[in-house]
Amino acid sequence: MNRALPSGTVTFLFTDVEGSTRLLRELGEEAYADALAEHRRVVREQIAAHGGVEVDTQGDAFFVAFPTAPAALEAAAATRSALGRGPIRVRIGVHTGTPVLTDEGYVGHDVHRAARIAAAGHGGQVLISSSTAALVPKDGLRDLGKHRLKDLSAPERIYQFGVGDFPPLKSLHQTNLPIATTPFLGREKELGEVLALLSRDDLRLLTLTGPGGTGKTRLAAQAAGELAEEYRNGVWWIPLAPLRDPALVVETAAQTLGAQDGLVDHIGDKSMLLLFDNFEQVINAAGDVATLLVSCPNLDVLVTSREPLHVTGEQEYAVPPLVHEEGVGFFLARARAVEPDFLVDDAVSEICRRLDDLPLCLELAAARVKALSSQQILDRLEHRLPLLTGGARDLPERQRTLRATIEWSYDLLAPEEQRLFAHLAVFSGGCILEAAEEIAETDVDTLQSLLDKSLLRRTRDRYWMLETIREYAAEQLTDSGERQDLERRHAEHFTALAEEGDRHLRGSPKEWLDRLEPEHDNFRAAIDRLDAAGETQLVLRLAGSLQRFWYMRGHHLEARRRLEHALVVDKSPTAARAKALNGATMMALEAGDITAGRRHAEEALAVHRVSGDTWAIANSLFLLAQTRREEGDLAQANEMYEECLGRFEELGDDHYVLLSRFHVAWMAGELGDPERERVLHEENLQRARATSNQRMEALTLHNLARYARDEGRFREAARMHEEAYRIARELDEPVEVADTMSRLAATLASARKPHAAAQLLSCSETLHEEVGVRRSWVLQRNDETLALIRSEIDDAEFAAAWEQGRSLTGDEAVALAVGSLEPA
């Protein structure tokens with residue numbers, strides 16, 4: 001090995017030729033060989049000129065090390081410039097780190113990360129990591145944002161060096177795979193076997209089986225990440241650990257993918273991989289997975305479960321323990337994460353053998369190296385495991401070992417730690433610190449102690465347990481006799497949270513929507529426990545308070561099922577029932593069940609009139625007006641909206657005044673009075689801005705832009721749509737973002753900008769597909785826009801523009817639209 005390799009802080013540069021197979025075909029073997037030789041000469045010349053050392057060369061790719069980041073960047077710029085005149089286009093990635101230098105070369109994640117950054121780029125593009133960007137002048141750097149790379153580590157902020165516009169980076173942008181907090185260790189053989197199975201054309205359902213703690217999830221996620229580029233429409237992780245109701249499996253998948261009109265319709269013929277994680281507790285949903293595969297020809301499914309699904313076409317892969325050498329390496333990595341100076345000895349190997357080289361067992365044992373030597377850990381395992389694994393003979397041997405390891409780790413806890421460990425089992429999907437303090441009566445120090453011992457995990461602000469560990473904790477909670485009290489406190493806490501959130505889900509609701517979303521599994525658990533306990537009024541109260549959250553975040557099917565069930569169980573004419581009736585009205589209308597919607601709205605209005613709650617009366621009247629509109633009785637709907645407007649004005653509720661006036665304006669336009677519609681929208685815009693109601697501001701801007709478009713004020717219309725888009729993006733409302741592209745396309749088509757209009761329309765339809773929404777009025781608008789575009793350009797021009805539009809980001813599409821209408 002070349003001893004001239006720099007050490008310490010090193011900057012790596014990777015190069016790769018874009019489209020080498022295509023070039024070989026286009027140039028022919030001889031010409032391509034000449035071009036490749038010239039490319040190698042140029043790269044090596046620039047490496048030498050800027051003090052780099054060639055570490056490795058494979059085919060047409062170079063791996064180079066530089067002692068400084070500026071030198072590496074100068075070499076990248078010079079290489080790109082020198083190659084710019086030839087047929088070969090090279091993508092370059094640069095990353096700075098502190099790799100380990102051995103006799104065989106560099107070792108460490110920095111090497112892998114540099115290669116991944118290069119692979120994410122395009123020919124002629126130079127990409128650099130944030131660590132490199134911090135060491136070079138900022139001139140000439142463009143921040144491309146954070147990107148998930150195929151190694152599944154934390155997102156990397158990537159910068160482009162130099163000018164030039166390129167397609168989006170080839171990162172894992174269409175995935176929600178969990179971000180690993182630790183490197184993927186071992187499992188090379190298993191990973192290769194899983195990838196080979198997933199690559200088979202005749203295999204579409206692969207189930208990784210094994211007891212909890214064998215590393216099924218990590219192996220599955222790594223394999224899915226490796227294959228992300230093979231699935232044009234993405235790789236999606238569906239976590240099932242918090243669920244117990246099989247009916248929620250498809251709904252959870254639909255919510256993850258943004259499907260609004262059913263999961264099967266949303267997926268259709270898309271090329272997609274779904275990873276269902278922890279399927280064992282909802283195994284009765286196996287038939288739903290089989291139905292998905294039959295209905296969606298380009299869908300593949302990867303499952304982790306303690307047992308197979310037993311459906312047609314399933315291939316089972318039993319995940320074995322780590323091989324012993326990998327187990328030792330895994331233990332050392334985890335031990336050194338908590339004790340950097342930990343030294344390996346003979347006891348480490350025996351610890352791994354005693355724990356059957358199961359990853360979770362090894363992690364629990366390694367977490368103890370701060371307090372115990374490896375020999376002390378082994379002594380305790382020798383004394384405890386034979387006794388403990390002698391119980392539960394109906395469990396597989398590895399499962400008994402795992403349970404024994406968790407019990408051993410639990411027995412080492414102090415009493416206050418054991419109590420908190422059991423209390424935390426009451427949460428489903430984890431919790432934030434404040435909830436743990438209020439419900440589990442804990443403190444930060446005790447939480448930290450459980451984190452240090454790997455019995456608890458933390459992701460950002462949430463504390464959570466692996467499902468295997470949570471099951472054991474739940475047993476301890478039951479044995480403690482405190483379960484009923486904990487579950488009651490849990491239900492009261494999350495009911496109060498839902499009620500508080502409901503009051504804030506107006507105008508600019510993103511902060512509260514983002515706060516409620518992570519607690520959805522806790523809300524579900526609370527409803528299920530209250531229902532099982534016969535607390536029907538509390539179920540109505542909690543479900544009724546969640547109606548806006550469920551509506552805004554697209555949980556329509558689950559919301560309707562839960563609300564309807566609660567209404568059937570308890571028919572008492574209380575305020576809680578009336579609120580749940582309002583929620584059921586909204587969900588029925590979303591499902592197209594106008595009859596049920598009207599029935600619920602009328603009953604809710606009657607209950608509220610008896611109670612005399614003036615705001616609730618106005619709200620139920622508003623929902624009843626919605627049903628009249630859906631029935632086509634516009635005159636009656638208009639009269640009721642007018643009444644609602646007056647009532648909310650008397651009550652001083654600014655949000656519902658805006659909402660009512662918006663619908664009055666809508667009805668005015670539908671009933672043939674466009675001038676009144678415009679005046680009302682202009683008044684609404686002023687009031688929305690004065691009260692900081694962003695949602696109503698954006699919606700009103702879109703409607704006023706339509707007037708500007710119809711009057712030929714196209715630039716003004718585009719600017720209003722752009723302003724509304726910025727609001728929708730800030731509020732994280734993907735449906736409104738997609739709708740903005742449709743509105744802009746209509747404006748561009750009217751302005752006789754057919755190429756840009758086609759790109760915006762394509763972008764709109766792509767975004768609508770991603771979120772699974774098909775609004776009738778949007779489809780009608782798009783058909784009209786498409787007809788205008790087709791009248792201006794031929795099929796070839798349209799096809800080219802349409803293809804360009806599919807890859808546009810929202811920002812790029814809006815910039816294109818606004819720029820197209822600027823004077824030349």
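Observations, loosely collected:
- Assessment of the range 67-90 against the conditions (in contact (Cβ under 8 Å) with a residue 60 or more places away in the chain, touching a Ser or Thr at 6+ places or on another chain (Cβ under 6 Å), open to solvent by 30 Å² or more (accessible area, probe 1.4 Å) and outside any strand (DSSP E or B)) yields no matching residue.
- For the range 196-214, the set of residues classified as part of a loop (DSSP other than H, G, I, E, B), at pLDDT 90 or above and either among the polar types (S, T, N, Q) or crowded, with 22+ Cβ neighbours inside 10 Å (or both) consists of Ser199 only.
- Total residues in the range 424-438, condition closer than 15 Å to Gln484 by Cβ and surrounded by fewer than 24 Cβ atoms within 10 Å (Cβ to Cβ): 1
- Qualifying residue in the range 751-758 (condition: of a type in the set (A, V, I, L, M) and over 30 Å from Asp269 (Cβ atoms)): yes
- Taking the listed residues Thr175, Thr181, Thr217, the one that is modelled with pLDDT under 85, open to solvent by less than 60 Å² (accessible area, probe 1.4 Å) and among the β-branched types (Val, Ile, Thr) is Thr175, with no other qualifying.
- A single entry from Ala559, Ala601 fulfils the requirement of being at pLDDT below 95 and aliphatic (A, V, I, L, M): Ala559.
- Any hit, the range 485-493, residues being at pLDDT 95 or above, hydrophobic (A, V, I, L, M, F, W, C) and surrounded by fewer than 19 Cβ atoms within 10 Å (Cβ to Cβ): no
- Helices (runs of 4 or more DSSP H) within the range 399-501 that include 2 or more residues over 26 Å from Lys370 (Cα atoms): 433-439, 467-480
- Cβ separations smaller than 9 Å between residues 6+ apart or across chains give the following pairs from the range 95-111 residues that are within 20 Å of Glu156 (Cβ to Cβ) and of a type in the set (D, E, K, R) to residues that are modelled with pLDDT of 85 or more and surrounded by fewer than 21 Cβ atoms within 10 Å (Cβ to Cβ): Asp110/Gly97; Asp110/Ser131.
- Meets criteria (open to solvent by less than 20 Å² (accessible area, probe 1.4 Å), touching a helix residue (DSSP H, G or I) at 6+ places or on another chain (Cβ under 7 Å) and of a type in the set (S, T, N, Q)) for Thr691: no
- From Glu307, Glu326, residue being out of contact with any Leu (no Cβ under 6 Å at 6 or more places or on another chain), surrounded by fewer than 16 Cβ atoms within 10 Å (Cβ to Cβ) and under 15 Å from Gly215 (Cα atoms): Glu307
- Which listed residue, of Arg524, Arg577, Arg548, is among the basic types (Lys, Arg), surrounded by 21 or more Cβ atoms within 10 Å (Cβ to Cβ) and in contact with an Asp or Glu (Cβ under 6 Å, 6 or more places away or on another chain): Arg548
- Figure legend. Inter-residue proximity from the range 795-824: first residues closer than 24 Å to Arg715 by Cβ, second residues open to solvent by 30 Å² or more (accessible area, probe 1.4 Å) and charged (D, E, K, R), beta-carbon distance below 6 Å, spacing 6+ or different chains. Indicated pairs: Val814/Glu722; Val818/Glu722; Ser820/Lys753; Leu821/Arg715.
- Of the residues making up the range 758-794, those that are among the hydrophobic types (A, V, I, L, M, F, W, C), at pLDDT 90 or above and more than 27 Å from Gly234 (Cβ to Cβ) are Ala787, Leu788, Ile789, Ile793.
The values are calculated or read from the model by the stated rules, or taken from the named source; none is laboratory data. Note that this is a predicted model, so its numbers are computed, not measured. Ideal geometry is used to build each Cβ from the backbone, glycine not excepted, and the neighbour counts take in all protein chains shown. For the accessible areas, the whole protein counts, side chains as well, though only heavy atoms, and no ligand, DNA or RNA atoms are used. Shrake-Rupley method; radii C 1.70, N 1.55, O 1.52, S 1.80 Å.
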